[in-house]
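J.: Handing you this structure, nothing more for now.
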Amino acid sequence: VSHVLLIGFMGAGKSTVGTALAGLLGRPFVDLDASIVAGQGRSIAEIFASDGEARFRELELAEIERLRDAIPSVVACGGGIVTSETARALLRELGTVVYLRITADEALARIGDRSTRPLLSGSDEEAAGLLASRTGFYSEVADITIDASSGVPSSLAEQIAARVSEGAAVSGLARVQVPVPGARYEVIIGTGALESAGAMVRGVTTARRVVLVTDENTHRLFGSDVESALEAAGFEVLPLSVPAGEGSKSWATAGSLLESVAALGLDRTEAVVALGGGVVGDLAGFVAATYLRGVDLVQIPTTLLAQVDSSVGGKTGVDLRAGKNLAGAFKQPMLVIADTQVLASLPGPEWASGMAEIAKSAAICGEEFFCWVEENADALVSHDSAVLAEAVKRSVEFKSGIVCADEREAGLRACLNYGHTFGHALENVAGYGSYPHGIAVAEGMRFAIRLAVEAGSAGEEFARRQDALLDRLGLSAIPEAFGPRELLAAMHSDKKVKCGTVRFVLADRPGSWACRSVDDEVIEEHLRAWSASKRGNR
Ligand SMILES: NC(=O)c1ccc[n+]([C@@H]2O[C@H](COP(=O)([O-])OP(=O)(O)OC[C@H]3O[C@@H](n4cnc5c(N)ncnc54)[C@H](O)[C@@H]3O)[C@@H](O)[C@H]2O)c1
């Protein structure tokens with residue numbers, strides 16, 4: 001069991017901070033004193049008066065014993081609980097102990113009327129002395145100490161929530177906040193994060209059972225490690241696996257997963273964990289969004305594309321016969337765990353997909369990120385783990401900013417489609433799988449920059465820099481030409497068409513972009529030029 005147990009003087013704010021913390025962590029809140037009062041049908045003062053302090057401490061001990069069988073909760077403990085050695089040992093055993101520190105004098109000032117506090121009925125000096133005598137015990141038992149003398153309860157609760165999840169994690173991991181209105185969550189990034197996945201997931205859900213969705217590859221590579229980590233954190237794991245590849249992002253597979261989840265009797269308090277690339281993330285996310293109109297979701301992305309892009313932002317869905325991603329829902333995860341170590345087994349084309357999304361994010365984000373990728377391109381291509389983790393962190397920070405400003409793609413979020421209008425059309429015309437997705441997106445960025453240069457908005461210098469960066473990231477221009485008419489028709493069948501005109505994200509320089517409708521004639525002319533440039537390359 002891993003509770004969060006708040007200790008500290010009376011008046012430190014254990015109940016108010018505890019209630020806010022429980023809300024943030026999505027856990028039940030337990031007030032030990034209130035539980036004793038409810039159980040006894042008497043006030044604390046009455047219990048002290050008729051049975052004495054020793055009896056009250058016994059009742060308190062019995063109450064915390066009961067927490068052994070409770071689901072992980074946030075618990076506000078009585079101020080004097082730490083005076084018992086047995087209680088201190090039990091607190092340590094039950095979870096993370098958080099000490100809300102204020103001075104004894106401050107506590108007395110906050111309490112005001114002391115008549116209802118049986119132990120504080122003496123003089124001011126006696127009362128302050130009694131409280132001060134507990135300070136050593138609080139410090140001795142605390143895993144985390146928070147200065148509670150200033151700060152509103154909600155900000156204290158946020159500090160504690162951050163420290164609690166930090167404590168559950170391996171040190172050296174990066175954390176990026178995604179403060180989407182109403183659905184704030186964290187992305188934990190770095191080598192070895194998977195080992196602590198159980199504790200991290202436990203930090204965000206009270207679920208007793210979790211459905212672990214994988215594809216055949218991620219099941220084989222990481223399934224048993226993640227299952228063990230989740231089980232060690234007290235979850236019962238219900239594994240479900242689908243065939244690898246885009247073909248699984250279908251209505252039929254989503255339907256059969258939903259039927260399986262229903263047959264397992266998953267309830268609203270339970271959760272779905274997606275362990276895989278963008279396909280598993282989008283598919284399992286869609287299941288989590290729709291089953292019982294929504295259950296909790298945790299994303300554990302295992303491809304570079306999923307770590308830098310698809311696991312963050314809440315877009316989930318499946319493909320329809322008419323096109324990719326045509327049915328779906330927004331479903332923000334409770335947590336994303338991106339362990340860059342798992343990328344070691346990725347095949348080459350999957351690296352290309354991730355690299356293209358990094359290049360795209362850098363071009364749209366701004367000069368600083370773009371320069372960083374230019375400086376670190378070689379390290380990225382040689383899969384340097386620290387540089388990879390930094391690239392994931394920067395990409396997630398960028399995406400977090402966009403998604404938080406425009407969760408439902410009313411405008412700004414469309415910039416994430418840079419390179420995709422042409423890229424998707426190319427994949428469609430060449431046949432899905434003929435080129436890695438990343439190569440198609442990179443070709444789309446090359447095409448978009450030609451449009452921008454010719455429209456006079458981008459300079460040749462940026463075009464040259466971008467092309468050189470794509471080359472260095474292993475995203476070479478494709479050798480083949482495809483028919484302008486077919487490509488244009490494919491663009492028209494894409495979701496990005498608005499009122500019959502095809503829209504492109506066009507960047508003028510890193511960080512400066514616009515989403516523009518481009519006339520068919522202009523597109524076709526550029527497609528002819530693009531096609532001609534490929535002649536002789538075959
Ligand atoms: N939701 C979004 O915002 C968003 C954004 C971009 C892309 N997407 C979607 O993501 C999907 C593509 O995702 P993807 O590129 O991750 O593809 P994918 O999920 O199909 O994974 C690619 C292949 O790599 C394998 N794999 C996964 N992790 C591995 C690992 N660590 N080692 C070895 N093999 C591993 C998979 O089994 C699969 O065969 C598309 O469907 C796309 O539409 C969604």
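J.: Taking the C-alpha atoms of the chain, how large are the radius of gyration and the largest Cα-Cα span, Dmax, in Å?
T.: Computed over the Cα atoms of the chain, radius of gyration and Dmax are 27.9, 98 Å.
J.: Continuing with the same structure: Which residues does the label zone of Ser228 cover in the stretch 1-22, counting backbone N under 14 Å from a point 7 Å along Cα→Cβ?
T.: none
J.: May I ask you to give the solvent-accessible area per residue for the chain, in square angstrom, as obtained with a 1.4 angstrom probe?
T.: 40 Å²
J.: A further question follows. Per residue, what volume in Å³ does the convex hull of the Cα atoms of the stretch 81-196 enclose?
T.: On the way: hull volume 16.9 nm³, N = 116.
Per residue, the Cα convex hull of the stretch 81-196 comes to 145 Å³.
J.: So, one more: Suppose a student asked you for the relative contact order of the chain, using Cα pairs under 8 Å spaced at least 6 residues apart; what percent would you report?
T.: That works out to 11 percent.
J.: Return the long-range amide H neighbours of Leu320 (sequence gap of 5 or more, or a different chain), with a cut-off of under 5 Å between placed amide H atoms.
T.: Residues meeting the criterion, in which the H sits 1.01 Å from N, are Asn325, Leu326, Ala327.
J.: Within the chain, what percent of beta bridges assigned by DSSP are antiparallel, to the nearest 5?
T.: Taking every DSSP beta bridge within the chain, about 30 percent pair in antiparallel fashion.
J.: From Cα pairs below 8 angstrom and at least 6 apart in sequence, can you work out the relative contact order of the stretch 435-518, rounded to a whole percent?
T.: 31 percent
J.: From the phi angles alone, apply the Karplus equation (6.51, -1.76, 1.60; θ = phi - 60°) to the stretch 502-519 and give each ³J(HN,Hα) in whole Hz, x where the residue is Gly or Pro.
T.: 7, 10, 10, 8, 10, 9, 8, 7, x, x, 10, 9, 8, 9, 10, 7, 10, 5
J.: Beyond 11 Å, what share of the Cα-Cα pairs of the stretch 466-507 is found? Please give it as a whole percent.
T.: Tail fraction, whole percent: 73.
J.: Once label points are set 7 Å from the Cα along Cα→Cβ at both Thr135 and Arg175, what is their separation, rounded to one decimal in nm?
T.: Between Thr135 and Arg175, the simple spin-label model gives 2.8 nm.
J.: Next up: Two decimals is fine: what is log10 I(q)/I(0) at q = 0.11, 0.16 Å⁻¹ for the stretch 259-383, from a Debye sum with one equal scatterer on every Cα and no solvent?
T.: -0.44, -0.83
J.: A follow-up question, please. Set the Förster radius R0 to 56 Å, insert the Cβ-Cβ distance between Ala477 and Glu125 as r into 1/(1 + (r/R0)^6), and round the FRET efficiency to 0.05.
T.: 0.10
J.: Here's something else I'd like to know. Using θ = phi - 60° and the Karplus relation 6.51 cos²θ - 1.76 cosθ + 1.60, list the HN-Hα couplings for the stretch 407-414 in order, rounded to whole Hz, with x at every Gly or Pro.
T.: The phi angles translate into 4, 9, 6, 6, x, 3, 4, 4 Hz.
J.: Let me ask another. How much of the accessible area of the stretch 50-190, probe 1.4 Å, is carbon plus sulfur, in whole percent?
T.: The value for the stretch 50-190 is 50 percent carbon and sulfur by accessible area.
J.: Membrane-span-like helices in the chain: DSSP H runs reaching 24 Å or more (Cα, own axis), mean Kyte hydropathy at least -0.5?
T.: Those that pass (Cα extent of 24 Å or more, hydropathy at least -0.5) are 348-365, 385-405, 437-454.
J.: For a Förster distance of 51 Å, can you work out the FRET efficiency between the beta-carbons of Ser50 and Arg184, rounded to the nearest 0.05?
T.: Between Ser50 and Arg184 the formula returns 0.65.
J.: Set the Förster radius R0 to 22 Å, insert the Cβ-Cβ distance between Tyr432 and Ser256 as r into 1/(1 + (r/R0)^6), and round the FRET efficiency to 0.05.
T.: It comes out at approximately 0.50.
J.: Moving on. Roughly how many debye, to the nearest 20, is the charge dipole of the stretch 50-168 about its Cα centre, given +1 on each Lys and Arg Cβ, -1 on each Asp and Glu Cβ, and no other charges?
T.: Dipole about the Cα centre, nearest 20: 160 debye.
J.: Then there's this: Charges at C-beta only: +1 for Lys and Arg, -1 for Asp and Glu. How large is the resulting dipole of the stretch 285-436 about its Cα centre, in Debye rounded to 20?
T.: For this selection, approximately 760 debye.
J.: Okay, moving on. Just subtract the alpha-carbon distance of Ala89 and Glu58 from 0.36 nm times their residue separation and send over the number in nm, one decimal.
T.: That works out to 9.7 nm of additional length.
The values are calculated or read from the model by the stated rules, or taken from the named source; none is laboratory data. This structure is a prediction, so every number in the text was calculated from the model and none was measured. So basically every Cβ, Gly included, is an ideal-geometry build from the backbone, and we count neighbours across all protein chains shown. Only protein heavy atoms, including side chains, enter the accessible area calculation; ligands, DNA and RNA are left aside. Shrake-Rupley method; radii C 1.70, N 1.55, O 1.52, S 1.80 Å.
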